[in-house]
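Worksheet: the structure to be examined is printed underneath.
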Amino acid sequence: MHSHRRSVNAPTVHRAHVRSGVRQEAGDADADQDAQGREFAWTQADFSRVQSLIYQHAGINLHNGKHAMVYSRLSRRLRETGHNSFRDYLGWLESCDGPEWQEFVNALTTNLTAFFREQHHFEIFAQLLRTRPAGPWSVWCSAASTGEEPYSIVMTALEALQPRAQFKLTASDIDSNVLATAARGVYRLEGLKGLSQAQLQRFFMRGKGDNAGLARVRPELRQPIDFLSVNLIRDGWPFREPFDAVFCRNVMIYFDEPTQRRVLERIHRVLKPGGMLFVGHAENFTDARDLFVLRGKTVYERI
Ligand SMILES: C[S@@+](CC[C@H](N)C(=O)[O-])C[C@H]1O[C@@H](n2cnc3c(N)ncnc32)[C@H](O)[C@@H]1O
């Protein structure tokens, strides 16, 4: 799967099936079960094959503690594609170049996210924006998941910048399902608890009737964002102009060190000198001091 520019349109869905960012596990098996009580036989060889395929395609480094998670998530793919064993499914997957690759990757990504997750980043980002309140600003959110992070970035910008300031955000992910959810911009009200009343009123429309309990982002919040599919580990990122800031949070944690280094080198190439890189709370790139200097808690400046 190559990173390519593919915009995601927001479908006009009212009561959308919204994933809150926490992946739903595959349903319980109801068919015949193997000796371990599983629906499909599952071996170390199957797991190793999955490990190698997801590493090659997405850079995700699945450690051995992930057996149950992988079995559960991929069992659903076996059911949906009509395969009776992991061996058959994986053999079929490897022999084709079709859309199942996207489903395979979607099944194995972890998409946990939240509005204003790691609040301190948004305070630093707002301070940065206020240094040039009329813009222009161009920002990339590179592991956007279900949209909570890109919409938090745009809320921060709309609050910090002057009215009509130029601000655009590119929001991308490898997982096509979460990107569609992000582009749709419909969330459960419980997921919006961390937002202020002022933010809720300004940026969201509450659903009524069948849509009670849901809220949709207003056009003001959606309009500055271009959603597209980008694989962080593939060459050929589709960007022409360098960014002022990049959010790459809680995704490199799934990559091994050589992959992290290659991604950091590419991010360095798409950031303006002096541009800021925001990373996740468990990610530390102080070793890449030839590329970035630490400027705050998990915030780096591009050299
Ligand atoms: C745990 S979520 C983090 C979401 C958000 N950045 C945050 O911090 O709340 C990790 C996201 O990275 C995405 N991802 C994993 N591998 C990727 C890759 N190779 N390229 C782009 N995105 C990837 C996953 O699909 C998932 O949505």
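Descriptive notes on the structure:
- Amide hydrogen neighbours beyond the local backbone of Phe247, cut-off 5 Å, H modeled: Trp140, Cys141, Ser142, Phe278
- Cα lying deepest toward the dipole's positive end in the chain, options Phe116, Leu129, His67, charges on Cβ: Leu129
- Multiplying the residue separation of His281 and Ser52 by 0.36 nm and removing their Cα-Cα distance gives an extension gain of 79.8 nm.
- Under a Gaussian network description of the chain, with springs only between Cα atoms under 10 Å, the residue in Ala114, Ala215, Ala134 that fluctuates furthest is Ala134.
- Rh (Kirkwood; distinct C-alpha pairs) - the chain, Å: 20.5 Å
- Of Leu294, Gly37, Asn106, farthest towards positive along the dipole that unit charges on Lys, Arg, Asp, Glu beta carbons give the chain: Leu294
- A Stokes-Einstein calculation at 10 °C with viscosity 1.306 mPa s, built on the Kirkwood radius of segment 103-156 over Cα pairs, returns a diffusion coefficient of 125 µm²/s.
- Net lengthening on full extension, Arg261/Thr43 (0.36 nm per residue, minus Cα-Cα): 75.2 nm
- Debye-formula intensities of segment 118-239, expressed as log10 I(q)/I(0) at q = 0.14, 0.19 Å⁻¹, are -0.62, -1.09 (one equal scatterer per alpha-carbon, no solvent).
- Amide H to amide H, with H built 1.01 Å from N, Phe204 comes under 5 Å of Arg218, counting only residues 5 or more places away or on other chains.
- Among Ala182, Ala58, Ala41, the largest mean-square fluctuation in a Gaussian network model of the chain (Cα springs under 10 Å) belongs to Ala41.
- Distribution of pairwise C-alpha distances over segment 44-108, 5 Å bins, in %: 4, 17, 34, 31, 13, 2
- Listed residues Cys248, Cys96, Cys141, most fluctuating in the chain (Gaussian network, C-alpha, under 10 Å): Cys96
- Cross-link partners for Lys272 among the lysines, with Cα-Cα distance under 21 Å and sequence neighbours closer than 8 places in the same chain left out: Lys168, Lys297.
- Approximate spin-label separation Leu112-Asn61, in nm, with each point projected 7 Å along Cα-to-Cβ: 1.8 nm
- Dipole magnitude for the chain: about 1280 debye, using +1 per Lys or Arg Cβ and -1 per Asp or Glu Cβ, origin at the Cα centre.
- Our summary gives the chain a relative contact order of 22 percent, counting only alpha carbon pairs under 8 angstrom and 6 or more residues apart.
- Kirkwood hydrodynamic radius of segment 173-245, Cα pairs, Å: 14.4 Å
- Once backbone amide H atoms are built at 1.01 Å from N, Phe292 has Ile303 as its partners under 5 Å, excluding neighbours fewer than 5 places away on the same chain.
None of the figures in this text is laboratory data; all of them are computed from the coordinates on show. Owing to the predicted nature of the structure, the values given are computational and were not obtained by experimental measurement. Heads up, the Cβs are rebuilt from the backbone with ideal geometry, glycines too, and the neighbour counts pull from every protein chain shown.
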